[in-house]
Structures are given as C-alpha cells and as structure tokens.
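Structure first, then comments.
Only the coordinates and a few stated rules stand behind these numbers; no lab work does. This is a predicted model, so every value here is computed, not measured. Cβ placement follows ideal geometry from the backbone for every residue including glycine, while neighbour counts extend to all protein chains displayed.
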Amino acid sequence: MNLTGVQWQLDATGTSNADITPAMIEKMGLPSTQAADLQAYVFTDIYSDDQATVWTDAENFTYLDTDIV
C-alpha cells in the first residue's frame, strides 16, 4: 500500500470502513490476544474521500516524518 503523497491525511477520529472480520483473523493465524492488540489508523484522500485503513499492532508508526505511534 502506498500512502506516499500529500493527498493522504491521517483522520485521527475517523471510523474504519474496513473492519477485520473473524474470518480474516483466522486466515492470518492470529490468536485472539494478538487480534485484540490491532489498532485501526484511517487515512482519507483529500481529493476523492477514498479511505484506506491500516491495521497494526506496531509499537512505532511514522507517516510523512511524523510519529503517529
């Protein structure tokens, strides 16, 4: 996924339109404890209102030289 560019903005209060389903968690082989640690970070394209959601349990998450986590 390429979120490079100024058109993508982190929407810190955004609601994900791409929730992870139990079937997805099962396919990834995540135990429930790891799945519970996943956080959604919603990015919105300012030109089209398209949305991308990054699900991660990362301890560090940087976007455009800004630490998000």
* To do: Go ahead and estimate [θ] at 222 nm for the chain from helices alone: -39,500 (n - 2.57) per DSSP H run with n ≥ 4, summed, over the residue count, rounded to 500.
  => -4500 deg cm²/dmol
* To do: Obtain the radius of gyration and the Kirkwood radius of the chain from its C-alpha atoms and give Rg over Rh.
  => 0.99
* Structure fact -> With residue 43 itself left out, Lys, Arg at +1 and Asp, Glu at -1 over residues whose Cβ is under 13 Å from its Cβ give -4
* To do: Multiply the residue gap between residue 23 and residue 55 by 0.36 nm, knock off their C-alpha separation, and tell me the result in nm, one decimal place.
  => 10.0 nm
